[in-house]
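Novice: Can you keep this structure in mind? I'll have questions shortly.
Just so you know, all these numbers are worked out from the coordinates, no wet-lab data involved. These figures come from a predicted structure and were not determined experimentally. Cβ placement follows ideal geometry from the backbone for every residue including glycine, while neighbour counts extend to all protein chains displayed.
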Amino acid sequence: MPVYIRKGPQEIPAYEEQDWIKDEEGDFFLKDPDQSVDSLPQPFRMINKLVNLLFDRAWEIIEEREATETITMLKFKPLVYLPSQKFQLSSVPNCLAICKGYVFVGSSNGIRVFNTFLNYSRVCSWDSGQVEIMNIWATEIGNEILIATLDEMGIVRLFYFYRDSLFLIKAINEVEDISKQTTCLNLQISPAGNFLAMLLQGAGDVWVDVYRLNKESWLKEMEAPHSSNLSRKKVSHLHLKSNESTDLSDLENSLLKTDVKLSGPIPLMKLKPPKPVTGTPFKSPLEAFQKLEDVSGLGSGQNHMIKESQLDQQTAIFEVLFRKYQNVECPEENSSVAEFHFLFPGHILMLPPETNVLSGVACALGIYWSGNHNFFLYSLNRPPRDKEREKEREREREKEKEKIDFDPKPDGVWPTAAPITNSVISACTSYLLLACEDGVITLWDRAQGFLLAVVSLPEGCICKSLHFVKISETLKECQFPPTTADSKFQFLVLCTDGSLHLVKVERCKEPSIRVVVERPVKHPNETICAVAPISFIPCLVLLFIWDGSVYLMDVEKEQIICELGPSPSYRLGNPWQPVFALSSESQRVLIRGDKKDTPKYQKDNHCIFIFKLDSYQLIKTSYSRKISFSESESSQPSQPETSDSTQQLLLNKRCENFLQNRLKNSGSFRDYRPDYLLQLRKSSWLLERDNRKK
């Protein structure tokens, strides 16, 4: 009788020893009672296995590190540029914003303001030991700056930066009763600072509040007599010593903040998530059509003639046919998260003719809710409807003491084939990118209402963020409405697995997509955490890596240009969520740095590094033409946006000048007849119109 009888069929062992099957205790059902060495009793047998497993894993880690070191030695190391300048902070900087030469730092103790033109000297501050600012936004409104902050409790505060001083306008969602406190999840300010929208959550409900900002009244209130008297007091103390000037300015700023009261934002409307599609309560199509007061909200799927039994039947059929393809363990997405954008007028959202829209002022709000297929458009300039209906609304508002349009109907609905997961809009709001759950990305020309491209991501890639990238061939800043139709576009797609894709789109051609950065399979510490395109240097982007590295990359050449490294005693703060800001005016990059091996909240442990990209020799020689061109474009005054009638007048004027010059060269007097000139202008205008349509 054999001593060991194995389970399963007998097999010929492999040639190499490493491929032999290891003997385990569970592989034998008969054991020799005369074994020379008995097996260890429990729990020593388990301890022995754990120790052996620990040694095996340690050896695997050692081999992996050795392989990583050899690859790093053979890998090309880019040139490292150290910061050109830095300024120290006494508190933890959580966010940055740059506007009109001022740097606004949201820290653990409030807000700090620094002037870039005065060697980053501190101008003023808003101190609060109990408020930690997590996000900050700065928007230019005329000669002044509007600042919005979001703290760790989800409270939104508005500030007015006037003559190097900060003035608190209002804490919008702050209440005395903590049980009724609402939390802000997202916030956006429209261009020129006319509107404010924020996503709020509270009491198990989620909604979006839209406000109109009184930026015209703020300047009048600041120039009131009581503020002028305070400014005179400020001038009278200028003879004091320099070491007392800082304390005096802080004192006067506090006096200004307590005495000056600025008018708060005006509620405009309140938007709620769309209701789920359920069975119809209507008995006939006539009732469904009577429910529609106008075309507003058409396409949302709320008014239909599908019964509840039909929906249940379709759901049962779908589950039976596609049950094996469904991932049951995947939890349902939270449909309460929304993303929204302020939009300029376009052909997708047609406004009534009586609506007066100023140049450079947002007229609509585009919003989508996660898990929903529709992109909703809401007009911010709502014309008055029927007088009787308006009177009824006024009565209801007086009864309920509300001045807000509660859950209005959308003025436009833009359906997609799959739930929308991400979106981004260009700086001029002319072009819109929508990423869907199935990996399909669509690019729309929102000004003209045209679909420019449809791109599908590779299988297994999920979109994390979208970024428009300026092309070197079209350096000019986009305007709304665009004077000339751009023919080429490109944008970056950062996926959740760390891969980076570049998509190139050209009109009347198939879009192309290629992988710029592969997914880091063997080295997870090389995963890309954030991407930031450089607006003032085309084709260049900042890549923030998990291990704390910051690279400057040319996406067209797929080449790392250089590395922006902190000082030797510092490291990048929060690499997974970096704190940085880009200044297109001074062409600088500001990045937060922390001291190595020190506590987070220790004083003087954090600083802001300034990288002057135009001063680095490699960037200066390779991209000097692009930098100089962008500087000339930014230095030129922006042209006012023209309407269709103004463009028509300019076209007629150009035609007339062309004809007059031609008449002078030809010397013919027949062409001076008005009817002949009118006919030529009309024919040239028709030709121009056909070309624009094409």
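Novice: So if each residue of separation counts as 0.36 nm, and I subtract the Cα-Cα distance between Gln130 and Ser90, what length gain in nm does that give?
Specialist: 12.8 nm
Novice: What order do you get for 313-322, 358-367, 520-529 when each peptide is scored by the mean count of other beta carbon atoms within 10 Å, highest first?
Specialist: So the order, starting with the most tightly packed, is 358-367, 520-529, 313-322.
Novice: Taking 51 Å as R0, compute the FRET efficiency from the Cβ-Cβ separation of Asn186 and Glu60 and round it to 0.05. Walk me through the numbers before you get to the answer.
Specialist: Numbers: r = 43 Å, r/R0 = 0.85.
FRET efficiency, Asn186 to Glu60: 0.75.
Novice: Add +1 for every Lys or Arg and -1 for every Asp or Glu among the other residues with Cβ under 15 Å from the Cβ of Met153, and state the total. Each step should come with its number before you reach the end.
Specialist: Values: positive: Arg157, Lys180; negative: Glu132, Asp151, Glu152, Glu174, Glu176, Asp177.
Local net charge: -4.
Novice: Further question: Once label points are set 7 Å from the Cα along Cα→Cβ at both Thr621 and Phe322, what is their separation, rounded to one decimal in nm?
Specialist: The two pseudo-label positions are separated by 5.7 nm.
Novice: How far is it, in nm, from the label point at Trp576 to the one at Glu174 when both lie 7 Å from their Cα along the line to the Cβ?
Specialist: Each label point is offset 7 Å from its Cα along the Cβ direction, giving 3.1 nm.
Novice: For a quick check: with amide H placed at 1.01 Å from N, whose amide H comes under 5 Å from Asp497's, ignoring anything fewer than 5 positions away on the same chain?
Specialist: Ile462
Novice: Another question about this same structure. Can you flag which of Lys180/Lys283; Lys464/Lys557; Lys215/Lys409 are past 32 Å Cα-Cα?
Specialist: Lys180/Lys283
Novice: Once the piece of chain linking Arg507 and Thr315 is laid out straight, how much longer is it, given 0.36 nm per residue of separation minus the C-alpha distance between them?
Specialist: Gain on stretching Arg507 to Thr315: 65.1 nm.
Novice: Here's another thing I want to ask about it. Lys/Arg Cβ at +1, Asp/Glu Cβ at -1, dipole of the range 506-592 taken about the Cα centre: which of His523, Leu543, Phe580 is farthest positive-ward?
Specialist: Phe580
Novice: So if each residue of separation counts as 0.36 nm, and I subtract the Cα-Cα distance between Ile462 and Arg45, what length gain in nm does that give?
Specialist: 145.6 nm
Novice: In addition: Please sort 41-50, 368-377 by packing, taking for each peptide the average over its residues of neighbouring beta carbons within 10 angstrom, highest first.
Specialist: Taking the mean over residues of other Cβ atoms within 10 Å, the ranking is 368-377, 41-50.
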